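This report concerns only the one structure given below.
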Amino acid sequence: MSKQLYKNTRILSGLIVRRDRVRIPVWLISLSALTIIVAAAFTDLYKNEGERQALADTMKNPAMTAMVGQGYGLENYTNGAMMAHQMLLFTSMAVAIMSILLVVRHTRADEEDGRIEMIRALPAGRLANLNSTILVLVGTNVLIALIVGFGLTALGIESMDLEGSLLYGAALGATGIVFTAITALFAQLSESSRGTIGFSITILLIAYLIRAIGDVSNEALSWLSPLGWVVGSEVFVNNYWWPILLTVSVAFILVVLSLYLNAIRDLEAGFLPAKPGKKKASSFLLSPLGLAFRLQRTGLVAWAVGMLILGASYGSVLGDLESFFAGNDIMQNLVTPSEGFTLTEQFLTMLMSVISMICTIPPLMAMLKLKGEERKNRTDHLLSRSVSRIRLMGSYLLISIVCGFVMLSLAAIGLGAVGNSVMEEGIAFGRLYSAAMVYLPAIWIVIGLAVLLIGIAPKLSGLVWVYLAYSFFVVYLGGLLQLPEWMSRLSPYDHIPNLPVEELYYMKVVILTIIAIVTIALGFIGYKKRDV
């Protein structure tokens with residue numbers, strides 16, 4: 001392609017860095033600090049080989065393999081092998097999400113808002129904006145790789161040598177780069193930022209599910225997933241660099257393809273055929289509720305399918321749990337079942353907490369859509385008519401609450417249907433469904449926090465994602481890292497009874513529900529009074 005197509009890429013790269021002068025450092029510091037702190041914490045928690053090997057034996061069961069990835073070095077579970085096994089996959093997914101959001105922000109989102117048209121009216125090349133976005137994201141991921149790599153080395157942990165630490169950082173950076181390329185490609189194929197995010201996140205979830213199924217049943221299948229390549233680098237064990245080179249090579253091919261498609265497509269157009277709209281709108285669109293649902297229908301359906309598949313994928317490994325526990329003396333000593341409950345049912349309590357937090361993502365996206373519509377001045381058209389602010393916010397809230405119920409139900413249905421089909425002694429669906437539904441008040445509290453922020457401080461509404469990430473960290477890793485109890489108590493998910501092992505304490509559920517209602521009410525009051 002002609003160099004003229006890339007004219008002033010450097011200037012546009014500087015503009016992107018200027019616009020994200022807060023976002024990029026926050027991502028860099030958060031991800032790097034999390035990795036380094038957890039690595040140091042592992043060293044303090046498991047101080048000798050015996051303790052580490054006991055933990056390694058508990059991580060060999062199929063469900064844990066599906067969740068955190070194939071374990072390498074389990075026979076000699078050093079601090080490095082433990083860190084890579086338990087943290088690399090989830091941190092890589094966080095880096096991928098960062099890349100997806102930042103790429104969409106500077107490609108399709110800017111195109112929808114008319115910024116790309118303004119840029120092209122200036123002496124800038126046709127491909128300069130996309131090229132500058134890719135360069136900035138590649139640079140950001142390289143920074144993550146270097147900070148994490150040298151940060152882990154600086155800890156001075158014996159099993160975390162320089163090569164392994166740099167490979168750990170490179171695995172994170174490579175994941176971010178390949179999903180930068182994937183998102184850049186979908187930015188050309190899709191006609192909207194919403195579609196670009198939806199397709200990119202779907203690919204991320206599919207990559208996770210393919211890797212999970214492959215790690216449990218057929219290792220060759222895992223190599224169809226970019227996340228499988230990252231895990232297959234066997235960081236701190238064999239230190240294979242070729243999966244990282246494979247990941248970056250695939251990213252390069254996708255970048256070239258996305259630049260080519262960007263060069264030949266019209267502005268604000270996409271290559272995926274858009275379904276022509278109806279000549280006459282349905283009566284459902286005459287209400288704010290109908291319009292809000294129509295704007296999010298495709299994304300919600302995609303998430304619903306994803307939650308069903310997620311539940312089914314975890315259900316597929318439940319059949320191997322009992323046999324694993326039966327042949328593992330250490331696991332039997334560490335996890336003694338309560339009377340009347342199987343070891344599988346006890347394991348389900350942890351699994352349900354993780355699934356419930358994943359199921360919180362689509363309801364949050366549905367609620368925060370209101371803020372996005374306001375930012376683009378689209379709510380003005382509704383509020384200038386006979387539509388009250390309460391009715392408008394209530395429409396998005398209703399969709400969000402129903403969405404949370406549906407997502408959690410589908411995940412439970414997938415888990416129960418597939419799990420009972422592979423287990424010799426299945427779990428009554430009613431008990432399993434109750435164990436999922438009990439997390440609804442926790443989801444409502446997070447939704448209520450989003451409503452409150454939209455009502456009183458819309459610019460800070462993104463903090464709800466930080467709170468959800470914090471909840472995942474303290475609930476999933478709190479026990480493993482032996483965090484102070486007060487830290488986990490700050491998350492509503494920690495207050496949910498672990499059904500079916502524990503009894504249902506109605507008072508806890510009622511109190512959580514009341515907190516959610518109060519938070520939502522304050523958000524409505526703030527939204528009614530503040531300037532829009």
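Peptides 2-8, 464-470 ranked from most to least packed give 464-470, 2-8, packing being the mean of other C-beta atoms within 10 angstrom over each peptide's residues.
Taking all protein chains together and rolling a 1.4 Å probe, residue 514 ends up with roughly 90 Å² accessible. When the Cα positions of 446, 89, 149 are compared along the charge dipole of the chain, 446 comes out farthest toward the positive end, with charges on each C-beta of Lys, Arg, Asp and Glu. Legend: calculated FRET efficiency, residue 507 to residue 350, from the Cβ-Cβ distance at R0 = 22 Å, rounded to 0.05, equals 0.40. Classified by the C-alpha gyration tensor, the chain has an oblate form. Its axis ratio a/c, with a ≥ b ≥ c, is 1.5 or above, and a/b does not exceed b/c. Classify segment 60-113 as rounded, prolate or oblate, taking a ≥ b ≥ c as the square roots of the eigenvalues of its Cα gyration tensor: rounded when a/c is under 1.5, otherwise prolate if a/b is larger than b/c and oblate if not. Prolate is the answer for segment 60-113, as a/c is 1.5 or above and a/b outweighs b/c.
What lysines could a cross-link reach from residue 60, if we take a straight Cα to Cα line under 23 Å and drop same-chain neighbours fewer than 8 places away? Within the straight-line limit of under 23 Å, residue 60 reaches these lysines: 47.
Rolling a 1.4 Å probe across all protein chains gives residue 115 an accessible area of roughly 100 Å². In segment 347-441, if the dipole is taken from +1 on Lys/Arg beta carbons and -1 on Asp/Glu beta carbons about the Cα centre, which of 402, 381, 430 is farthest to the positive end? Selected residue: 381.
For residue 295, the accessible surface of its heavy atoms amounts to roughly 40 Å² (probe 1.4 Å, protein chains only, rounded to the nearest 10). Under a model in which nothing but the beta-carbon of Lys, Arg (+1) and Asp, Glu (-1) is charged, the chain shows a dipole of about 3560 debye around its Cα centre. Taking the centroid of alpha carbons for each part, segment 245-299 and segment 430-469 are 28 Å apart. If you take the Cα centroid of segment 358-396 and the Cα centroid of segment 143-217, the two points sit 32 Å apart. Sorting 52, 265, 489 by solvent-accessible area of protein heavy atoms yields 489, 52, 265, largest first, with a 1.4 Å probe. Placing 111, 503, 219, 158 in order of accessible area, with the largest value first and a 1.4 Å probe, yields 158, 503, 219, 111. Computed from phi, the 3J(HN,Hα) profile of segment 382-395 under the Karplus parametrisation 6.51, -1.76, 1.60 (θ = phi - 60°) reads 7, 6, 6, 9, 7, 10, 7, 5, 4, 5, 5, 5, x, 5 Hz, with x in place of Gly and Pro.
The values are calculated or read from the model by the stated rules, or taken from the named source; none is laboratory data. It should be emphasised that the depicted structure is a prediction, and the values quoted were computed from it without experimental measurement. We place every Cβ from the backbone using ideal geometry, glycine too, and count neighbours over all the protein chains shown. Note: areas computed on protein heavy atoms with side chains; ligands, DNA, RNA excluded. Shrake-Rupley method; radii C 1.70, N 1.55, O 1.52, S 1.80 Å.
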